[in-house]
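S.K.: A single structure is presented below for examination.
The values are calculated or read from the model by the stated rules, or taken from the named source; none is laboratory data. Keep in mind it's a predicted model, so treat the numbers as computed, not measured. Cβ atoms come from the backbone with ideal geometry, glycine included; neighbour counts cover every protein chain shown.
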Amino acid sequence: MNNVDMNSDLYNIYVGMDDTDSVSGMCTTYICCVIMDRLKACGFRVDGPPRLIRLNPFAPHKTRGNGAVSFKLVLKSKKEVKTAKNLILKMVEELAVMEDPKTNPGMVFYEGEITPELQDYAWRTIRTIVTQEEAEKLAEKVGAEIFKFKKGRGIIGSLAAIGCPLTDATYELLAYRDPANYGTKRRVDPESVLEMDRKTYPATFDNIDDGYMAITPHTPCPVLYGIRGETRAAVEEAHKLVKVSEPVESFRVFLTNQHTDMHLQKVDAISQMNQFQCYIVRGTVKSPPVVIEGGHVIFTLKDESGEVECAAYEPTKGFRDVVRHLAPGDQLVVYGGIGNKGTLNVEKIKITYLSTLYEYLNPLCECGKRMKSAGKNKGYKCPRCGSKIRGAPPEDGKIKERREVERKIKKGFYEVPPSARRHLSKPLVRN
Ligand code: ATP
């Protein structure tokens with residue numbers, strides 16, 4: 001009887017949904033909103049905000065940001081429960097992009113407490129790769145009902161969206177477009193977004209990137225813009241400040257695990273890291289960073305257990321300038337995930353120690369002028385008075401003058417810009 005609220009004979013039903021959209025369109029959050037609106041119109045009570053839960057950014061079948069959603073229904077009778085479930089399933093079937101071979105919707109209904117086992121499963125879905133079999137077994141064990149469309153892979157995310165604990169959380173207000181405008185340029189006034197940011201940052205964040213608005217997606221999906229922030233009130237206030245010249249069909253505030261660093265696991269050694277997982281790891285820079293084709297900046301991080309190649313890819317823009325100035329011996333805490341090539345994709349770094357760098361200058365002549373090389377292994381000659389130092393210049397700095405080079409970067413945190421930030425990655429402003 002744990003599915004019934006004993007005080008009032010109400011039925012608490014958690015609804016989880018995932019894998020309903022495709023790269024060519026639609027969005028699971030939008031389908032969730034349409035369903036919630038219909039449920040409300042039918043007289044069913046939706047309790048609290050819907051939740052948008054981001055899962056492992058390296059999950060193999062993700063369409064974009066690997067998001068799943070859940071919401072809670074509070075229903076009065078078994079008949080209501082049955083009717084609501086049938087309505088939801090029918091709507092998912094109608095609205096999901098079933099014709100896309102990669103879309104495999106999965107729905108979960110769960111009546112009862114969110115147990116530690118469900119929470120643990122959610123953590124694993126955010127941090128590792130889980131199998132559909134694992135999700136199905138757990139659903140059976142806890143008595144959650146699953147509904148699979150096609151392969152039904154979405155049940156992995158749906159169950160995690162229901163189970164995910166939110167000790168830290170943020171909000172996102174999603175504004176949706178009139179379907180007639182899908183695929184066209186979004187008509188959002190950039191000046192109003194700048195103004196909104198001036199008035200609401202840091203209660204809202206990631207609105208602007210390098211002077212440009214960052215709240216509009218670039219995909220043909222139903223989302224007009226998304227405003228992320230610390231509280232419901234903050235994102236609602238910000239939404240009122242954004243001016244658009246196209247209709248907003250609807251908007252809704254989601255409670256989310258976005259920007260909480262929930263995906264990151266602390267490890268003590270580089271050798272403990274695995275592919276397709278995200279970490280916080282300490283290490284020392286092994287060799288000078290190199291810029292490779294495409295503008296990506298690569299360096300090697302080492303510790304006693306091993307080493308890992310780290311990358312600040314081209315989309316991380318100005319962040320690469322910091323990474324380029326790292327030097328052997330610098331000590332860092334790196335936050336990031338290991339992708340399919342085994343490279344640690346850096347989200348942010350904390351520089352804890354900067355090594356001292358030296359440059360070696362030709363010796364100064366007694367006359368005060370800096371000497372010039374007299375040729376390979378031929379010592380130095382003063383261009384002013386002609387004095388000479390014979391022999392090969394030793395590298396120990398006894399003849400050459402050793403001078404400390406000013407480091408171009410300082411100790412502390414550095415992060416990628418909003419446009420390159422993972423949904424789960426916590427911006428420094430939230431620290
Ligand atoms: P959008 O962000 O537009 O909603 P998406 O990026 O969330 O799209 P989905 O279409 O939901 O992508 O596809 C992701 C698929 O991967 C889902 O079927 C989900 O159940 C599954 N999945 C999510 N996390 C994991 C994980 N950790 N391990 C294995 N599968 C996962």
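S.K.: Could you say whether any residue in the stretch 66-73 is more than 25 Å from Thr103 (Cα to Cα) and not hydroxyl-bearing (Ser, Thr, Tyr)? Walk me through how you get there before you give the answer.
M.R.: Just the residues of the stretch 66-73 that are more than 25 Å from Thr103 (Cα to Cα), to begin with: 73.
Next, only the ones that are not hydroxyl-bearing (Ser, Thr, Tyr) stay: 73.
Yes, some residue in the stretch 66-73 is more than 25 Å from Thr103 (Cα to Cα) and not hydroxyl-bearing (Ser, Thr, Tyr).
S.K.: Got a number for residues in the stretch 246-266 being in a loop (DSSP other than H, G, I, E, B), more than 12 Å from Asp168 (Cβ to Cβ) and among the hydrophobic types (A, V, I, L, M, F, W, C)? Talk me through it step by step, then tell me what you get.
M.R.: Applying the first criterion (in a loop (DSSP other than H, G, I, E, B)) to the stretch 246-266 yields 246-247, 257-263.
Filter again for more than 12 Å from Asp168 (Cβ to Cβ), leaving 246-247, 263.
From what is left, the residues that are among the hydrophobic types (A, V, I, L, M, F, W, C) are none.
So the answer is 0.
S.K.: Here's a follow-up. Between a first residue in the stretch 301-329 that is closer than 27 Å to Asp209 by Cβ and a second residue that is loosely packed, with under 15 Cβ neighbours inside 10 Å and of a type outside the set (Lys, Arg), which pairs have beta carbons less than 6 Å apart while being 6 or more apart in sequence or on different chains?
M.R.: As it stands, the answer is Glu314/Gly294; Glu314/Gly295, since those pairs meet every condition given.
S.K.: Give me the pairs, please: first residue somewhere in the stretch 275-292 and among the aliphatic types (A, V, I, L, M), second residue anywhere and loosely packed, with under 13 Cβ neighbours inside 10 Å, beta-carbon distance under 7 Å, and either six or more positions apart or on two chains.
M.R.: Ile280/Lys266
S.K.: When you scan the stretch 64-169 for helices (runs of 4 or more DSSP H) that lie fully inside it, which ones turn up with 1 or more residues that are in contact with a strand residue (DSSP E or B) (Cβ under 7 Å, 6 or more places away or on another chain), hydroxyl-bearing (Ser, Thr, Tyr) and within 8 Å of the ligand (Cβ to nearest atom)?
M.R.: Numbers: elements: 78-95, 116-127, 132-142, 155-163.
In the stretch 64-169, 155-163 are the helices (runs of 4 or more DSSP H) which contain 1 or more residues that are in contact with a strand residue (DSSP E or B) (Cβ under 7 Å, 6 or more places away or on another chain), hydroxyl-bearing (Ser, Thr, Tyr) and within 8 Å of the ligand (Cβ to nearest atom).
S.K.: Residues of the stretch 284-306 being part of a strand (DSSP E or B), in contact with a helix residue (DSSP H, G or I) (Cβ under 6 Å, 6 or more places away or on another chain) and surrounded by 15 or more Cβ atoms within 10 Å (Cβ to Cβ), which ones? Before you say what the answer is, go through the steps one by one.
M.R.: First pass over the stretch 284-306, keeping only residues part of a strand (DSSP E or B): 284-285, 290-292, 296-303, 306.
Going one step further and asking which of them are in contact with a helix residue (DSSP H, G or I) (Cβ under 6 Å, 6 or more places away or on another chain), we end up with 296-297, 303, 306.
Scanning the stretch 284-306 gives His296, Val297, Asp303.
S.K.: When the residues of the stretch 365-379 are narrowed to those that are modelled with pLDDT under 90 and surrounded by 13 or more Cβ atoms within 10 Å (Cβ to Cβ), which ends up farthest from Val405 (Cα to Cα)?
M.R.: Out of the qualifying residues, it is Lys378.
S.K.: Within the stretch 34-63, how many residues turn out to be without any contact (Cβ under 8 Å) to a residue 40 or more places away in the chain and near the ligand (Cβ under 9 Å from one of its atoms)?
M.R.: Matching residues across the stretch 34-63 total 1.
S.K.: Is it fair to say Ile31 is away from the ligand (no atom under 16 Å from the Cβ), closer than 21 Å to Arg252 by Cα and of a type in the set (Val, Ile, Thr)?
M.R.: Working: away from the ligand (no atom under 16 Å from the Cβ): no; closer than 21 Å to Arg252 by Cα: yes; of a type in the set (Val, Ile, Thr): yes.
No: the conditions fail for Ile31.
S.K.: Just for strands (runs of 3 or more DSSP E) wholly inside the stretch 313-431: which have at least 2 residues that are within 30 Å of Ile53 (Cα to Cα)?
M.R.: Strands (runs of 3 or more DSSP E) meeting the threshold: 331-338, 344-353, 412-415.
S.K.: Would the stretch 204-222 turn up any residue that is assigned by TED's automatic domain parsing to the domain that holds Arg186, farther than 20 Å from Thr316 by Cα and of a type in the set (A, V, I, L, M)?
M.R.: Looking only at the stretch 204-222, we keep the residues that are assigned by TED's automatic domain parsing to the domain that holds Arg186, and these are 204-222.
Going one step further and asking which of them are farther than 20 Å from Thr316 by Cα, we end up with 204, 220-222.
From what's left, of a type in the set (A, V, I, L, M): none.
No, the stretch 204-222 has no match at all.
Matching residues to (1) surrounded by fewer than 22 Cβ atoms within 10 Å (Cβ to Cβ); (2) under 20 Å from the mean Cα position of the chain (by Cα); (3) not charged (D, E, K, R):
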site	(1), (2), (3)
Ser158	no, yes, yes
Pro165	yes, yes, yes
Leu174	no, yes, yes
Asp178	yes, no, no
Val188	yes, no, yes
Val193	no, no, yes
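S.K.: What's the number of the condition Gln272 fails, among (1) free of Cβ contacts under 8 Å to residues at least 40 places away in the same chain; (2) more than 23 Å from the chain's Cα centre (by Cα); (3) in the same structural domain as Glu309 (by TED's automatic domain parsing)?
M.R.: Against the list (1) free of Cβ contacts under 8 Å to residues at least 40 places away in the same chain; (2) more than 23 Å from the chain's Cα centre (by Cα); (3) in the same structural domain as Glu309 (by TED's automatic domain parsing), Gln272 comes up short only on (2).
S.K.: Suppose we keep only residues that are under 19 Å from the mean Cα position of the chain (by Cα) and either among the polar types (S, T, N, Q) or not assigned by TED's automatic domain parsing to the domain that holds Ile88 (or both) within the stretch 10-59. Which one would you say is surrounded by the most Cβ atoms within 10 Å (Cβ to Cβ)? Outline the logic, then answer.
M.R.: First, the residues of the stretch 10-59 that are under 19 Å from the mean Cα position of the chain (by Cα): 18-19, 23, 27-29, 51-59.
With either among the polar types (S, T, N, Q) or not assigned by TED's automatic domain parsing to the domain that holds Ile88 (or both) added as a condition, the list becomes 28-29, 56.
Details: Thr28: 27, Thr29: 25, Asn56: 24.
Among those residues, the one meeting the criterion is Thr28.
S.K.: Separate question: Against the definition (modelled with pLDDT of 95 or more, under 27 Å from Pro417 (Cα atoms), within 18 Å of the chain's Cα centre (by Cα) and crowded, with 18+ Cβ neighbours inside 10 Å), how does Leu224 come out, yes or no? Show your work before the answer.
M.R.: On the way: modelled with pLDDT of 95 or more: yes; under 27 Å from Pro417 (Cα atoms): yes; within 18 Å of the chain's Cα centre (by Cα): no; crowded, with 18+ Cβ neighbours inside 10 Å: yes.
It is false that Leu224 is modelled with pLDDT of 95 or more, under 27 Å from Pro417 (Cα atoms), within 18 Å of the chain's Cα centre (by Cα) and crowded, with 18+ Cβ neighbours inside 10 Å.
S.K.: Using beta carbons and a limit of 9 Å, which pairs, at least six apart or on different chains, have the first residue in the stretch 117-129 and touching a residue at least 40 places away in the same chain (Cβ under 8 Å) and the second one charged (D, E, K, R) and near the ligand (Cβ under 10 Å from one of its atoms)?
M.R.: Tyr121/Glu134; Ile126/Arg54
This table checks each residue for (1) over 16 Å from Pro116 (Cα atoms); (2) in the same structural domain as Glu99 (by TED's automatic domain parsing); (3) not aromatic (Phe, Trp, Tyr).
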{"site": "Gln132", "(1), (2), (3)": "yes, yes, yes"}
{"site": "Glu136", "(1), (2), (3)": "yes, yes, yes"}
{"site": "Glu140", "(1), (2), (3)": "no, yes, yes"}
{"site": "Glu145", "(1), (2), (3)": "yes, yes, yes"}
{"site": "Phe149", "(1), (2), (3)": "yes, yes, no"}
{"site": "Arg153", "(1), (2), (3)": "yes, yes, yes"}
{"site": "Leu159", "(1), (2), (3)": "no, yes, yes"}
